[in-house]
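Q: My questions all concern the structure below.
The values are calculated or read from the model by the stated rules, or taken from the named source; none is laboratory data. Because the structure is predicted, anything quoted here is derived from the model rather than measured. So basically every Cβ, Gly included, is an ideal-geometry build from the backbone, and we count neighbours across all protein chains shown. Ligands, DNA and RNA are excluded from the accessible area calculation, which covers all protein heavy atoms including side chains. Shrake-Rupley method; radii C 1.70, N 1.55, O 1.52, S 1.80 Å.
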Amino acid sequence: MALKLFNTLSRSVQEFTPLDPSGKRVGMYCCGPTVYDFAHVGNWRTFVFGDLVRRYLEFRGYDVTHVMNITDVEDKIIRRVAETGSALRDYTSRYEQAFLEDLRALNCLRPHHLPRATEFISEIIELIGKLIDRGIAYRAADGSVYFSIEKYRAAGRTYGQLVKLNFEDMRVGERVKSDEYAKESVADFALWKARVPEDGVVFWPSPWGEGRPGWHIECSAMSMKILGPSFDLHLGGEDLIFPHHEDEIAQSEGAELQPAGRRFVQYWLHGAHLLVEGRKMAKSLGNYFTLRDLLAKGFAGREIRALLLSAHYRETFNFTIDGLHGARSSLGRIDDCVARLKEIAGEAASSKEGAPSQAPGLQARFTEVMDEDLNISAAWGAVFEWVREMNRRMAEGKLPPVEAAAELAQWERVNSVLGIEAAGGAEIPADIIALANERDTARKSKDFKRADAIRDELKSKGWVVEDTPKGPKIKRLS
Ligand code: AMP
Ligand code: ZN
């Protein structure tokens, strides 16, 4: 069985075959955050999707190089920098730090490379120079450089690989300076934007005069520099298909750095958007959440991650606070099952090798459905079916320690993809642990009144303590 993925280029589900002749190494580029504000939960759906793809490729034995850019110069950032009067780096570093903290809170593996656009200006200038040399880009009177769609098409290339475009109404040489525009306004787009007074001090020298790069060229330059001119996978949210990714293809293939017959990217994967409480997110609708907003409401990163991962990545998904409560209780069921398996496995946990394998076990079922374009909802289905089966066998006393250990080993493999580690110390806030310890001390000194008061306080904060033969266990109230 092979892994299959939906490729936006072919609009079909295709078997995944890496470019590496040994079939092992995989290059993957995910369009990263524009660090002008805190990322919202919609952005996080897309980034967690990228993490899922990486983790699943690793689970399937591939050696992945994961690149995620940090867009730290573009139109929105320049506007904010001018409004706040801050230095570019001071402004963006705050949001970049926040992004990395959020990435950890959601248990996303850190990409191997996190290039910042501002650190690739010379590569960007070099790439624009190549396009000018090939006659595909031109300098306008104001010193900006544009990509000529007409010249690109005249060179036998296709503009409109990811989307169907109508060139009938397009007037040759018409230009669009903004990085974001609709399909209907397709026109020559900016590679280099000449300095204007509103840019303040954000500009770099270039052979075409002072200015700054356009957003699209940043990703072409950074991805090809780190992964080479032709690589396996490129990911982003569905809104990036046009113009961002179409323009990336045009710039990268227009420079003709790929070996003959090779594309810039073999597989383009796009995640569908997230709705929040049934609508597009908007501050005015009160459904706009950053990750921090949700953590402040008392939800854990793993609960948010589990909810973001609950639907297939190509389905629009409705994120609700009720859904988060649902994710909490689902995780609670997994945690309870895994904790009991651990108790039974006990000493046998260290002798996994000798464990008999169950056919078809959790891992096999999980792989079977995930191979089908990452069918995560079926994967969760397999996990909960396994939880029910384990619970039944444990209740009937039909799960010997050695089998419990084997089941746990399978769960750990599956969880290396899901990334929802069982609630451990790291997930329990320090003040909650301190309270639980205080209660334990009170109990031991027979101050039951105090112990009960602390139990109530914990409850009001959303936690319960269970006294087990191995000591108190802290759990979230579900
Ligand atoms: P940005 O920081 O605006 O460049 O966006 C970062 C990523 O989030 C991009 O891949 C977008 O496609 C994605 N994105 C933006 N809004 C949403 C949403 N509502 N749901 C899912 N992904 C989104
Ligand atoms: Zn990009």
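Q: Phe264 passes all but one of (1) more than 16 Å from ligand 2 (Cβ to nearest atom); (2) within 22 Å of the chain's Cα centre (by Cα); which number fails?
A: Phe264 satisfies all of (1) more than 16 Å from ligand 2 (Cβ to nearest atom); (2) within 22 Å of the chain's Cα centre (by Cα) except (1).
Q: To continue, here is another question. In region 72-86, is there at least one residue being on the phi < 0 side of the Ramachandran plot, within 12 Å of ligand 1 (Cβ to nearest atom) and among the small types (Gly, Ala, Ser)?
A: Within region 72-86 (the criterion being on the phi < 0 side of the Ramachandran plot, within 12 Å of ligand 1 (Cβ to nearest atom) and among the small types (Gly, Ala, Ser)), the answer is no, since none of the residues qualifies.
Q: Another question about this same structure. Working only within region 410-439, note down all residues that are at pLDDT 95 or above and part of a helix (DSSP H, G or I).
A: Gln410, Trp411, Glu412, Arg413, Val414, Asn415, Ser416, Val417, Leu418
Listed here are the residues, each with its yes/no results for (1) small (Gly, Ala, Ser); (2) away from ligand 2 (no atom under 16 Å from the Cβ); (3) open to solvent by less than 40 Å² (accessible area, probe 1.4 Å); (4) part of a helix (DSSP H, G or I).
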position	(1), (2), (3), (4)
Thr17	no, yes, no, no
Asp20	no, yes, yes, no
Phe38	no, yes, no, no
Asn43	no, no, no, yes
Thr46	no, no, yes, yes
Gly50	yes, no, yes, yes
Arg54	no, yes, yes, yes
Val64	no, yes, yes, no
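Q: Next question, about the same structure. Taking Gly228 as the residue in question, decide whether it is away from ligand 1 (no atom under 16 Å from the Cβ), in the same structural domain as Glu119 (by TED's automatic domain parsing), of a type outside the set (S, T, N, Q) and on the phi > 0 side of the Ramachandran plot.
A: yes
Q: Here is a further query. Only one residue in Asp247, Asp239 is acidic (Asp, Glu), open to solvent by 30 Å² or more (accessible area, probe 1.4 Å) and within 12 Å of ligand 2 (Cβ to nearest atom). Which one?
A: Going through Asp247, Asp239 in turn, the sole match is Asp239.
Q: Still on this structure, I have one more. Please count how many residues of region 390-399 are touching a helix residue (DSSP H, G or I) at 6+ places or on another chain (Cβ under 9 Å) and free of Cβ contacts under 8 Å to residues at least 12 places away in the same chain.
A: Adding up the residues that qualify gives 2.
Q: Now a separate question. Being more than 18 Å from Asp72 (Cα to Cα), in the same structural domain as Glu248 (by TED's automatic domain parsing) and part of a helix (DSSP H, G or I) narrows it down to one of Glu184, Glu96, so name that one.
A: It is Glu184.
Q: Could you please find all residues in region 445-478 being modelled with pLDDT under 85 and open to solvent by 90 Å² or more (accessible area, probe 1.4 Å)?
A: Correct list: Ser460, Lys461, Pro469, Lys470, Ser478.
Q: Okay, moving on. When residues of region 250-283 are filtered for being closer than 24 Å to Thr17 by Cα, open to solvent by less than 10 Å² (accessible area, probe 1.4 Å) and within 16 Å of ligand 1 (Cβ to nearest atom), how many remain?
A: Residues in region 250-283 being closer than 24 Å to Thr17 by Cα, open to solvent by less than 10 Å² (accessible area, probe 1.4 Å) and within 16 Å of ligand 1 (Cβ to nearest atom): 5 in total.
Q: Continuing with this model, one more query. Looking at (1) in a helix (DSSP H, G or I); (2) at pLDDT 95 or above; (3) closer than 24 Å to Ile241 by Cα; (4) out of contact with any His (no Cβ under 9 Å at 6 or more places or on another chain), find the lone condition where Ser10 falls short.
A: (1)
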